[in-house]
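Asker: If you scroll down you'll find the structure; I have some questions about it.
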Amino acid sequence: MAGFRNGRGRDNRPPQQQPQQAPYGYNAAPPPYPQQQWQQPPQGQPYGQQGQQQQPYGEPEYFGEPYGRQQHQQHTAANNPGHTQMFSVDDPYAQGGPPPAPAPTGPRLPWKPLLSGIVLRPADTFLRMRDHAVWGPALIVTFLYGLLAIFGFDKARDEAINATLSTAIPYVLMTALGFVVGGLILGAVTHTLARQLGGDGAWQPTVGLSMLIMSITDAPRLVFALFLGGENGLVQVIGWATWLAAGALLTLMVSRSHDLPWPKALGASAIQLVALLSLIKLGTL
């Protein structure tokens with residue numbers, strides 16, 4: 001009895017927890033939440049097969065299938081040769097075509113807001129009218145501009161003034177019709193170049209707006225030329241300034257109507273700008 005009270009006859013060390021052995025025929029239970037050790041796969045063995053042979057323990061199970069095993073199998077299958085993982089990205093440029101054109105911001109503008117908008121609000125006006133034809137304002141404004149344009153050239157004005165009335169009226173009318181036809185041709189050339197450069201705009205708004213830009217921008221030079229003559233120095237300076245303004249408006253119009261960056265829009269407008277410079281601004285009509 002004394003030996004038991006003094007602790008003799010038994011092990012005085014604190015008891016240690018011994019691992020429990022599973023019954024014969026069963027595998028031992030895995031330790032809870034072990035740290036996963038990543039091993040380098042042996043030479044000549046793909047990474048996916050190594051991952052399939054070594055499955056980590058302790059992963060939670062849902063509906064009888066370990067979640068980690070499902071994710072690992074999907075990952076290894078996607079990276080194996082012949083099992084490329086497919087995915088999709090919503091990219092409007094993926095089909096190789098031009099980007100979708102923005103919808104017009106409103107209905108067709110009447111002729112007064114249209115003419116004032118080209119000067120005061122050109123970007124919004126061109127975007128709003130990109131799908132609307134403007135044949136009425138374009139033909140009328142260009143025809144009226146052509147009636148007065150002949151008096152902006154010194155030689156043509158002298159011939160019209162000195163001619164008889166029966167001769168001067170057909171001469172002025174033919175000049176006005178020539179400006180209308182020339183505006184139609186130059187606008188069509190600008191539209192064709194824009195489409196070749198990747199534009200997606202319609203031809204009717206492009207041609208009509210280009211005719212309006214041609215007539216409206218040259219109006220200040222024409223007003224001074226009627227009184228001072230086309231060879232006056234001030235008229236020449238105004239002509240160069242309005243020609244630059246026409247280039248900026250044409251570039252902006254083509255960019256908005258055809259969804260083109262400004263370098264391509266300027267290239268599409270180049271032939272029309274050169275023609276306006278040689279025929280109108282330099283007085284070689």
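Asker: Of everything in region 134-181, what is assigned to a helix (DSSP H, G or I), within 16 Å of Gly230 (Cα to Cα) and of a type in the set (A, V, I, L, M, F, W, C)? Give them in sequence order.
Answerer: Within region 134-181, the first condition is being assigned to a helix (DSSP H, G or I), and the residues that meet it are 135-152, 154-162, 165-181.
Next, only the ones that are within 16 Å of Gly230 (Cα to Cα) stay: 145-152, 154-161.
Selection gives Leu147, Leu148, Ala149, Ile150, Phe151, Ala156, Ala160, Ile161.
Asker: Name every residue in region 237-246 that is in contact (Cβ under 8 Å) with a residue 24 or more places away in the chain and open to solvent by 10 Å² or more (accessible area, probe 1.4 Å), in order of residue number. Before the answer, list the steps.
Answerer: The initial filter retains those residues of region 237-246 that are in contact (Cβ under 8 Å) with a residue 24 or more places away in the chain, namely 239-240, 242-243, 245-246.
Correct list: Trp240, Thr242, Trp243, Ala245.
Asker: From the set of residues in region 248-285 that are open to solvent by 10 Å² or more (accessible area, probe 1.4 Å), within 20 Å of Gly117 (Cα to Cα) and of a type in the set (Gly, Ala, Ser), which is nearest to the chain's Cα centre (by Cα)?
Answerer: Ser255
Asker: OK, next. Can you work out which of the residues in region 215-232 that are touching a Ser or Thr at 6+ places or on another chain (Cβ under 7 Å) and assigned to a helix (DSSP H, G or I) is surrounded by the fewest Cβ atoms within 10 Å (Cβ to Cβ)? Reasoning before the result, please.
Answerer: Narrowing region 215-232 to residues touching a Ser or Thr at 6+ places or on another chain (Cβ under 7 Å): 215, 217-218, 220-221.
Now drop any that are not assigned to a helix (DSSP H, G or I), which leaves 215, 217, 220-221.
Working: Ser215: 25, Thr217: 23, Pro220: 15, Arg221: 24.
Filtering region 215-232 for residues that are touching a Ser or Thr at 6+ places or on another chain (Cβ under 7 Å) and assigned to a helix (DSSP H, G or I), the one surrounded by the fewest Cβ atoms within 10 Å (Cβ to Cβ) comes out as Pro220.
Asker: Taking region 171-209, which residues are within 16 Å of Ile280 (Cα to Cα) and free of Cβ contacts under 8 Å to residues at least 24 places away in the same chain?
Answerer: Result: Val181, Ile185.
Asker: A further question on this structure: Going by what's in this entry, would Gly201 be described as surrounded by 16 or more Cβ atoms within 10 Å (Cβ to Cβ) and not in a helix (DSSP H, G or I)?
Answerer: Details: surrounded by 16 or more Cβ atoms within 10 Å (Cβ to Cβ): yes; not in a helix (DSSP H, G or I): yes.
Here the answer is yes, as Gly201 does meet what is asked.
The values are calculated or read from the model by the stated rules, or taken from the named source; none is laboratory data. Quantities reported herein were computed from a predicted structural model and do not represent experimental measurements. So basically every Cβ, Gly included, is an ideal-geometry build from the backbone, and we count neighbours across all protein chains shown. To get the accessible areas, we keep the full protein, side chains included, count just its heavy atoms, and leave off ligands, DNA and RNA. Shrake-Rupley method; radii C 1.70, N 1.55, O 1.52, S 1.80 Å.
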